[in-house]
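Visitor: Below: one structure in structure tokens.
The values are calculated or read from the model by the stated rules, or taken from the named source; none is laboratory data. In this text the structure is predicted, and so the values were computed from the model without any measurement. Note that we place each Cβ from the backbone using ideal geometry, even for glycine, and neighbour counts take in every protein chain shown.
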Amino acid sequence: MSGVVVFDMDGVLVDVSESYRETIRRTVEHFTGALVSHEEIQDWKNQGGWNDDWQLSRALIAARGREMDLPDVVEYFQKIFHGENGDGLMSRERWIGRPGLMEELVMRFGLAVFTGRTRWEAELTLRRFAPEIAFDPVLGSDDVARHKPAPDGLLEIRKRFPDAACWYVGDTVDDARASRAAAVPFIGIAAPANPRHDTLVALLRDEGAVAVLDDINDLPSALPR
């Protein structure tokens, strides 16, 4: 094993433009009657400190003049995201990696996940899209005392592999800051379809990314041979 590659999930392993991002939009609209654009959501994400989409939805609602208790926001958000019998917006997600990519990587590296999702949601997604690939460990928001940009999840993974090189692959300022705080090299993802693509590329580079890629399909070229 040449090291451990740790993946964020949303926007890195899976395209969430029609799942999490759309759930934010529908949640804000439900409570305020106002639409929020993908550009505005990305602008908030680019500020840092908004890794939690429940908290972000609540803040966007408050910015439109209505204060909501977080449990009420979470309840509606989760209802839209999961739906009934698996028919929620989560079902719109798309795996980003090309066929064979993970099989190629796992021949050289250990693979792990540190995501802002809860662990059961992350494991559900991995079973759906990559059931043959062993990601170990998988750490979610419920596994850490402090959420990103705190480095807790990455520090825990480093503790499990103390002698291995480690990289974190993420797509937000908070991912980059968590990586830097854990002294883990950061590889940024900035999808060309991102509504603030050029800004995001610049931000991730400013945060110390060792590379910024269009998507994880370019990852083999950014990792040591």
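Visitor: Where in segment 46-108 are the helices (runs of 4 or more DSSP H), entirely inside, with at least 2 residues that are farther than 30 Å from Val4 by Cβ?
Guide: Because the criterion is at least 2 residues that are farther than 30 Å from Val4 by Cβ, the helices (runs of 4 or more DSSP H) in segment 46-108 that meet it are 53-63, 70-82.
Visitor: Among the residues of segment 128-158, which ones are of a type in the set (A, V, I, L, M), surrounded by fewer than 14 Cβ atoms within 10 Å (Cβ to Cβ) and closer than 19 Å to Ala176 by Cα? Let's see the steps before the verdict.
Guide: The initial filter retains those residues of segment 128-158 that are of a type in the set (A, V, I, L, M), namely 130, 133-134, 138-139, 144-145, 150, 154-155, 157.
Those still in the list that are surrounded by fewer than 14 Cβ atoms within 10 Å (Cβ to Cβ) too: 134, 145.
The one that is of a type in the set (A, V, I, L, M), surrounded by fewer than 14 Cβ atoms within 10 Å (Cβ to Cβ) and closer than 19 Å to Ala176 by Cα: Ala145.
Visitor: Residues that are out of contact with any His (no Cβ under 6 Å at 6 or more places or on another chain), surrounded by fewer than 17 Cβ atoms within 10 Å (Cβ to Cβ), among the basic types (Lys, Arg) and at pLDDT below 95: does segment 54-77 have at least one?
Guide: no
Visitor: I'd like the residue in segment 167-178 that is of a type in the set (Gly, Ala, Ser) and within 19 Å of Asp214 (Cα to Cα) and, out of all such residues, is surrounded by the fewest Cβ atoms within 10 Å (Cβ to Cβ). Before the answer, list the steps.
Guide: Of segment 167-178, the ones of a type in the set (Gly, Ala, Ser) are 170, 176, 178.
Narrowing further to those that are within 19 Å of Asp214 (Cα to Cα): 170, 176.
Values: Gly170: 29, Ala176: 26.
Filtering first and then ranking leaves Ala176.
Visitor: A follow-up question, please. Which one of these is touching a Ser or Thr at 6+ places or on another chain (Cβ under 9 Å) and modelled with pLDDT of 95 or more: Pro151, Pro137? So that I can check it myself, show each step before the final result.
Guide: On the way: Pro137 fails: touching a Ser or Thr at 6+ places or on another chain (Cβ under 9 Å).
Answer to the selection: Pro151.
Visitor: If Ile24 passes every condition in (1) surrounded by fewer than 20 Cβ atoms within 10 Å (Cβ to Cβ); (2) over 27 Å from Phe109 (Cβ atoms) but one, which one does it miss?
Guide: (1)
Visitor: Continuing with this model, one more query. From the set of residues in segment 185-204 that are surrounded by fewer than 21 Cβ atoms within 10 Å (Cβ to Cβ) and touching a strand residue (DSSP E or B) at 6+ places or on another chain (Cβ under 6 Å), which is nearest to His147 (Cα to Cα)?
Guide: Residue satisfying both the conditions and the ranking: Pro185.
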